[in-house]
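Visitor: I'd like to ask some things about the structure below.
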Amino acid sequence: MPVLLVPAGSRAAAQAALDAGADAIYVGLKGFSRGGSRNELTAPELQDVLVAAHAQGRHVQAALNTIPRQAERRDLVEKVGELIGWGIDGVIVNDAGLVAELRSRYPRLGITASIGCVVMNEADVAFYRDLGADAVVLPGTLTPDEIAAFAQVPGVVIEVMVHMVDEFILLGRCWMPSYYQMNQALPAPLGSSGGRLLGSVKRGGAGVCFKICEQPWELYRGVRCVVTRLLPSRQISAINHLADLLNAGVDVIKLQGRSLAPDLVAPLVRRYRLAIDAWMAGEPLPAFAESCLEPSWTVMRR
């Protein structure tokens with residue numbers, strides 16, 4: 001049975017996702033996620049979400065998708081141990097070395113190789129499985145035939161990001177990470193207000209996203225500015241091809257959008273819940289005419 005995995009950037013969004021039919025949710029923990037502090041949960045908030053989800057038989061994953069610097073690795077690995085004590089069902093990580101280290105340290109932990117690991121062929125799937133990943137995340141831009149080949153790799157769960165931001169770069173791999181922000185102030189100590197892992201500069205895994213891509217870009221002709229633009233940030237959906245993806249062997253249908261407010265999370269989850277349930281019943285999928293969401297659903301601050 002396919003799993004519907006849904007993002008939540010707040011306790012209210014988490015509850016909205018559960019009420020709308022999510023099988024599992026994933027959240028960020030303040031200081032340890034690359035998505036930015038606005039859409040991360042504090043420790044008490046995460047613990048509350050775990051209690052609420054587990055009471056309904058649902059799972060919760062923590063996105064720990066910064067790539068830690070050497071000095072930060074111990075903090076992140078120790079934090080995972082704390083999360084296990086709270087009852088976390090799994091973690092999503094963005095670094096091959098961290099996958100192997102967490103598997104060695106916590107043999108029973110559920111580990112997902114994030115979309116930022118850029119799994120693009122069967123050999124990549126097997127590589128992360130052998131490192132210790134239980135699941136890998138694929139971009140929804142792959143074809144069902146490609147995904148069917150990936151699904152033949154034994155011993156690993158195949159997740160596909162079917163609802164995502166239409167990026168101008170390879171999904172999950174940003175070439176404008178946080179170190180492009182100059183004169184950054186020193187971070188507060190980890191665990192204090194505002195403290196967080198900054199991540200490895202060399203590997204583009206910075207732990208603070210300054211949304212460089214969302215700043216206005218100006219085109220000059222000589223000294224005269226002729227146009228100001230924002231890069232596209234639409235949400236796109238593969239829901240019209242959901243049956244093909246599920247028939248190809250996808251285990252987890254994953255949605256992007258931890259910045260979505262609860263009133264946007266709920267209809268989004270219901271939309272995919274309806275489509276998955278129709279496929280499971282052997283019925284035609286509901287007619288979703290559009291491949292992109294209407295403008296009111298566009299996410300400008302992910």
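Visitor: Would you please name the residue that is nearest to the chain's Cα centre (by Cα), looking only at residues in region 226-266 that are assigned to a loop (DSSP other than H, G, I, E, B), at pLDDT below 95 and not hydrophobic (A, V, I, L, M, F, W, C)?
Guide: Of all residues in region 226-266, those assigned to a loop (DSSP other than H, G, I, E, B) come to 230-234, 238, 248-251, 256-261.
Okay, now just the ones that are also at pLDDT below 95, so 230-234, 238, 256-261.
With not hydrophobic (A, V, I, L, M, F, W, C) added as a condition, the list becomes 232-234, 256-259.
Details: P232: 19, S233: 16, R234: 16, Q256: 6, G257: 8, R258: 8, S259: 11 Å.
Taking the candidates together, the pick is Q256.
Visitor: Scan (1) more than 26 Å from L109 (Cα to Cα); (2) crowded, with 22+ Cβ neighbours inside 10 Å; (3) without any contact (Cβ under 8 Å) to a residue 40 or more places away in the chain for the single condition L142 breaks and write down its number.
Guide: The one condition L142 does not meet is (2).
Visitor: Mind checking which residues of region 218-240 are touching a helix residue (DSSP H, G or I) at 6+ places or on another chain (Cβ under 8 Å) and surrounded by fewer than 17 Cβ atoms within 10 Å (Cβ to Cβ)?
Guide: Once the filter is applied, which keeps residues that are touching a helix residue (DSSP H, G or I) at 6+ places or on another chain (Cβ under 8 Å) and surrounded by fewer than 17 Cβ atoms within 10 Å (Cβ to Cβ), region 218-240 yields L230, L231.
Visitor: Of the residues that sit in region 68-80 and are over 17 Å from E40 (Cβ atoms) and of a type in the set (A, V, I, L, M), which one is surrounded by the most Cβ atoms within 10 Å (Cβ to Cβ)? Talk me through it step by step, then tell me what you get.
Guide: Of the residues in region 68-80, the ones over 17 Å from E40 (Cβ atoms) are 69-71, 73-74, 77-78.
Those still in the list that are of a type in the set (A, V, I, L, M) too: 71, 77.
Working: A71: 9, V77: 17.
The extreme case among them is V77.
Visitor: At pLDDT 90 or above and touching a Pro at 6+ places or on another chain (Cβ under 6 Å) - does that describe any residue in region 56-76?
Guide: Within region 56-76, one or more residues are at pLDDT 90 or above and touching a Pro at 6+ places or on another chain (Cβ under 6 Å).
Visitor: Can you list residue pairs whose Cβ atoms sit under 9 Å apart, with the first residue in region 10-25 being farther than 12 Å from R58 by Cα and without any contact (Cβ under 8 Å) to a residue 60 or more places away in the chain and the second being surrounded by fewer than 19 Cβ atoms within 10 Å (Cβ to Cβ) and not β-branched (V, I, T)? Count only pairs 6 or more apart in sequence or on different chains.
Guide: Sorted first by the residue in region 10-25, then by its partner, the pairs are R11/E45; R11/D48; R11/A52.
Visitor: Got a number for residues in region 151-166 being crowded, with 19+ Cβ neighbours inside 10 Å, modelled with pLDDT under 90 and not in a strand (DSSP E or B)?
Guide: Counting residues in region 151-166 that are crowded, with 19+ Cβ neighbours inside 10 Å, modelled with pLDDT under 90 and not in a strand (DSSP E or B) gives 0.
Visitor: Which of the residues belonging to region 5-22 are farther than 11 Å from S259 by Cα and either basic (K, R) or surrounded by fewer than 22 Cβ atoms within 10 Å (Cβ to Cβ) (or both)?
Guide: R11, A12, Q15, D19, A20, G21 - these are the residues of region 5-22 that are farther than 11 Å from S259 by Cα and either basic (K, R) or surrounded by fewer than 22 Cβ atoms within 10 Å (Cβ to Cβ) (or both).
Visitor: Which residues, taken from region 37-54, are surrounded by 15 or more Cβ atoms within 10 Å (Cβ to Cβ) and among the β-branched types (V, I, T)?
Guide: V49
Visitor: Right, another one. Please work out which residue is surrounded by the most Cβ atoms within 10 Å (Cβ to Cβ), limiting yourself to region 81-139 and to residues that are polar (S, T, N, Q), under 18 Å from D251 (Cα atoms) and at pLDDT below 95. Show your work before the answer.
Guide: Step one: list which residues in region 81-139 are polar (S, T, N, Q), which gives 94, 104, 112, 114, 121.
After this cut, where a residue has to be under 18 Å from D251 (Cα atoms) as well, the list is 112, 114, 121.
From what's left, at pLDDT below 95: 114, 121.
Numbers: S114: 26, N121: 13.
This residue is S114.
Visitor: Looking for something of a type outside the set (A, V, I, L, M, F, W, C) and over 30 Å from D145 (Cβ atoms) - is there at least one such residue anywhere in region 89-99? Working first, answer last.
Guide: Here is the first cut: in region 89-99, the residues of a type outside the set (A, V, I, L, M, F, W, C) are 89-90, 94-95, 97.
Next cut, over 30 Å from D145 (Cβ atoms) only: 89, 97.
Checking region 89-99: at least one residue is of a type outside the set (A, V, I, L, M, F, W, C) and over 30 Å from D145 (Cβ atoms).
Visitor: Report yes if R38 is within 23 Å of V165 (Cβ to Cβ), in contact with a Gly (Cβ under 9 Å, 6 or more places away or on another chain) and assigned to a loop (DSSP other than H, G, I, E, B), otherwise no. Don't jump to the end; show me each part of the working.
Guide: Numbers: within 23 Å of V165 (Cβ to Cβ): yes; in contact with a Gly (Cβ under 9 Å, 6 or more places away or on another chain): yes; assigned to a loop (DSSP other than H, G, I, E, B): no.
So R38 fails the test.
The values are calculated or read from the model by the stated rules, or taken from the named source; none is laboratory data. Being a predicted model, the structure only gives us computed values, none of them experimental. Positions of Cβ are backbone-derived with ideal geometry, glycine not excepted, and every protein chain shown enters the neighbour counts.
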